[in-house]
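The structure appears below as structure tokens.
The values are calculated or read from the model by the stated rules, or taken from the named source; none is laboratory data. Small disclaimer: the values here were computed from a predicted structure and weren't measured. Positions of Cβ are generated from backbone atoms using ideal geometry, with glycine treated the same way; all protein chains shown enter the neighbour counts. The protein model used for the area step is the full one, side chains on, heavy atoms only, and it has no ligands, DNA or RNA in it. Shrake-Rupley method; radii C 1.70, N 1.55, O 1.52, S 1.80 Å.
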Amino acid sequence: EIRQTTRELGIVLGEEKRAQELIVRMDATLNELMHSMPERQIRVVAWDGGGFVPGRGLLFNDILNVAGGINIAAADSNDYLVDFDLEELLRARPDLIAYASATLDAPALTTQLLQHPVVRRLYEDRQITYPDNLYICGSPQSADAAKDLRAAMLEAVAVMGRMR
């Protein structure tokens, strides 16, 4: 869909060549990512404490998969949003918790669970953030988001390994 939408916008804006360049760059980044997968997939949940997390069929899941992660909330569900409370988080034992950057920017009741003593103790050094604006609407830059997410995941996993 990203390729098609980019082409269509390129036509509308009279920028077909630029649109094609963006697609070629995106495809090169995706190819690079697909041919350099981490040795093991990293189990991740995009958790904001609000009770629902992204499941299958959402851009977050696709970007995470390309980055070399597994969306554990999507593993047993075909739903777009999955009910995922604190107890499910603790049972699932993800390697990392990913937070949308906007989640942390504004105080809300849902973010109070992020400060839960158990979550802080278990996941204090296993948290990453991602720019949610790149995960809401697909664009050629979604491939760059996957590349950045992989780097953040690998860095967090390396820190975990040094701590054990």
Compare ARG126, ARG56, ARG18 in a GNM of the chain, Cα atoms joined below 10 Å, and give the one with the largest fluctuation. ARG18
Using the charge dipole of the chain (Lys, Arg: +1 at Cβ; Asp, Glu: -1 at Cβ; taken about the Cα centre), state which of ALA67, LEU134, GLY14 has its Cα farthest towards the positive end. ALA67
Taking R0 as 45 Å, what FRET efficiency do you get between ILE11 and ARG40 from their Cβ-Cβ distance, rounded to the nearest 0.05? 0.60
Percent relative contact order for the chain, counting Cα pairs under 8 Å at least six residues apart, stands at 26
Would you mind getting the accessible area per residue of region 1-50, heavy atoms of the protein chains only, 1.4 Å probe, in Å²? 70
Label-point separation in nm, SER101 to VAL159, each point 7 Å along Cα→Cβ: 1.7
Which label belongs to the value computed from this structure, given these candidates for mean projected area of the Cα convex hull in nm²: (1) 12.8; (2) 10.5; (3) 9.8? (2)
Run the quick spin-label model on GLN20 and LEU81: label points 7 Å from Cα toward the beta carbon, then report their separation in nm to one decimal. 4.1
Theoretical gain in end-to-end length, ASP132 to ARG120 [0.36 nm per residue, Cα-Cα removed]: 2.1 nm
